[in-house]
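Structure first, commentary second.
The values are calculated or read from the model by the stated rules, or taken from the named source; none is laboratory data. These numbers come from a predicted model, not from an experiment. Counting neighbours? That spans all protein chains shown, and the Cβs are built from the backbone with ideal geometry, glycine included. Keep in mind that these areas ignore ligands, DNA and RNA; they rest on the heavy atoms of the full protein, side chains included. Shrake-Rupley method; radii C 1.70, N 1.55, O 1.52, S 1.80 Å.
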Amino acid sequence: MDKKFENFLDLVIYQIYPRSFKDTNGDGIGDIKGVIEKLDYLVDLGVNAIWLCPCYKSPNHDNGYDIADYRDIMDEFGTMDDMKTLISEMHKRGMKLIMDLVPNHTSNEHKWFIESRKSKDNPYSDYYYWFDKPVNDWQSMFGGSAWEYDESRKQYYLHSYTVEQPDLNWDNPKVIKEMQDVVDFWVDMGVDGFRCDVIDQISKDFEKGNNFFGPNLHKYINALFDREKTSHLFTVGECWAGDIEEIKRHSLPERGELTTLFQFNHLDCGRANKFNRKDDSLKTVRDIMVNWQLLNQKNGLVHSLFTDNHDNSLFISRAGNDKELRYESATCIATMFYLLKGVPFIFQGQEFGISASEYDSIDCFNDIETINVYDYLINDKGSTKEEALRKINFGGRDNARRPMPWDSSEFGGFSTHKPWIKISSRKDEINLEKDLASEKSIFRFYKEMLKLKKDNVSLRRGDFAVISKDDDNFFAFTRIYGDEKFTVICNFEETSSISLDVIDGEPVLKNYSDRGAGESNFRPYEIAVYRS
Ligand code: GLC
Ligand code: CA
């Protein structure tokens, strides 16, 4: 693997959704000072980088993904000085900051759009896509037509997301230059990389049935990152690419585009079907991950390892047992993902097994996508309220966006004030303080696992090979680097008898404390890692 890319395999990234992480000024909204306050906690956990969801100036129609000023901070989150402090406090601790870059659209309150909508001939008139009539029948990702008529300009503009998120016209070289300047602004500020929001949509082909992978996509990504100033960055693209050739076009090192992509196949949740429970068994997930591990490894690509983020329902509640075997499944899932070859992304709260909560009223939800789906189910599909609630409780994005329950106090130690969105209904049962007090602490397991990874190069850079067979109800794989070798075994729901030669020595990592040497029976979600 390319040297620069290989170094990135030492990263362990923690994703922060700032609105819900930690509130320090008692307004019920998380803020940048809250992130600073928790840096030592993250160092203790063992992460060395943060992906921070958008914290730029925004009217929040899509919680910060509608940016009104790429060079300023949202008032609720703090100030540019807070941001500078965050960067320097992180660098002091040897941590990298990955900012969220949203290049596909701005807010309709961005100065470019305010100018653009005024007339057909102003300096910003071609910053967005304007037509006299919709030129196709593209739909917004959040439902309804992707075209909106604007009274002042008397034309239609494209919005792939909410009406308040007009798509930028990347075919205009001025837009490319603007976005390069935004990137450079943050690089000068000291950020170490970017997570690129819906990067696969920035080039359009209006003749196509959908708004992905347009003809100039790679030219535009290359323009952003193949420059002297940016070539050292770690970049990850949110991308729904499903085939290896497309992935190679994005992230082969010599192309100067992205370091890695978020691939979503294992979550079985294309945007359209994430509200319906499908086959989420860990066995299926294993097979998908093995396939990508091998393909990425063969091609020298960096694999992003994640189960959760702010757009999906919580993985443990989809694919594991988040009730009586919550500790076992949380640790099993962590092991089967984060000891693979690639860059781990841990979503806030995952490190103590945060699980889906349930609500019996739409008033407990905030997310635009979730609310639109609820209305659609009731008005267009004739669903009952109960059915619609069941679906959004299962698949809605709010589950992942509820305030971090640091302890069991009224507002979970997140704030002294009622939070902007209802805290998890399971807060008293699942919170960090309680986890740490428990004999079976998910946090302590994560810490141990990340330490093992830090201390052993093979668990970071070593080759991956699978041992388990398709029919097996478990996942067994090795990581080898030079003469250092680890064997990882993760059993799924039921007890399995696993008679591999390797099960000889003492496990160096386990989630059932009484597992001894040489035992071949693995209990539900039991894992063991052996060094040989
Ligand atoms: C990405 C973000 C999501 C947002 C959308 C529009 O998918 O992760 O939260 O709603 O882009 O920016
Ligand atoms: Ca606050």
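Numerical summary
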item: Condition check for Gly26: touching a residue at least 24 places away in the same chain (Cβ under 8 Å), surrounded by fewer than 22 Cβ atoms within 10 Å (Cβ to Cβ), on the phi > 0 side of the Ramachandran plot and away from ligand 1 (no atom under 16 Å from the Cβ); result: yes
item: Given (1) closer than 21 Å to Glu178 by Cβ; (2) more than 16 Å from ligand 1 (Cβ to nearest atom), index of the condition Glu151 fails; result: (1)
item: Condition met for Arg460 (farther than 30 Å from Arg515 by Cβ and of a type in the set (D, E, K, R)); result: no
item: Among (1) more than 15 Å from ligand 1 (Cβ to nearest atom); (2) in contact (Cβ under 8 Å) with a residue 60 or more places away in the chain; (3) not in a strand (DSSP E or B), the one test that Leu97 misses; result: (3)
item: The stretch 19-38: number of residues that are aliphatic (A, V, I, L, M), within 8 Å of ligand 2 (Cβ to nearest atom) and not in a loop (DSSP other than H, G, I, E, B); result: 0
item: Residues satisfying the stated conditions in the stretch 29-69, i.e. among the aromatic types (Phe, Trp, Tyr) and either within 13 Å of ligand 1 (Cβ to nearest atom) or under 17 Å from Asn309 (Cα atoms) (or both); result: Trp51, Tyr56, Tyr65
item: Helices (runs of 4 or more DSSP H) (entirely within the stretch 308-394) containing at least 1 residues that are without any contact (Cβ under 8 Å) to a residue 12 or more places away in the chain and over 25 Å from Glu439 (Cα atoms); result: 368-379
item: Selected residue [open to solvent by 30 Å² or more (accessible area, probe 1.4 Å) and either within 16 Å of ligand 1 (Cβ to nearest atom) or more than 27 Å from Lys440 (Cα to Cα) (or both)] from Asn309, Asn276; result: Asn276
item: Flag for Asn296 being buried (at least 21 other Cβ atoms within 10 Å of the Cβ) and farther than 22 Å from Ile527 by Cβ; result: yes
item: Some residue of the stretch 260-267 being part of a loop (DSSP other than H, G, I, E, B) and within 16 Å of ligand 1 (Cβ to nearest atom); result: yes
item: Extreme residue, least open to solvent (accessible area, probe 1.4 Å), among residues of the stretch 395-410 that are touching a residue at least 24 places away in the same chain (Cβ under 8 Å) and acidic (Asp, Glu); result: Asp398
item: Flag for Asp10 being among the charged types (D, E, K, R), farther than 20 Å from Lys418 by Cα and part of a helix (DSSP H, G or I); result: no
item: Residue that is within 16 Å of ligand 2 (Cβ to nearest atom), within 30 Å of Ser415 (Cβ to Cβ) and crowded, with 17+ Cβ neighbours inside 10 Å, where the choices are Ile87, Ile67, Ile98, Ile73; result: Ile73
item: Flag if Asn7 is over 21 Å from Phe445 (Cβ atoms), more than 15 Å from ligand 2 (Cβ to nearest atom) and either open to solvent by 30 Å² or more (accessible area, probe 1.4 Å) or touching a helix residue (DSSP H, G or I) at 6+ places or on another chain (Cβ under 8 Å) (or both); result: yes
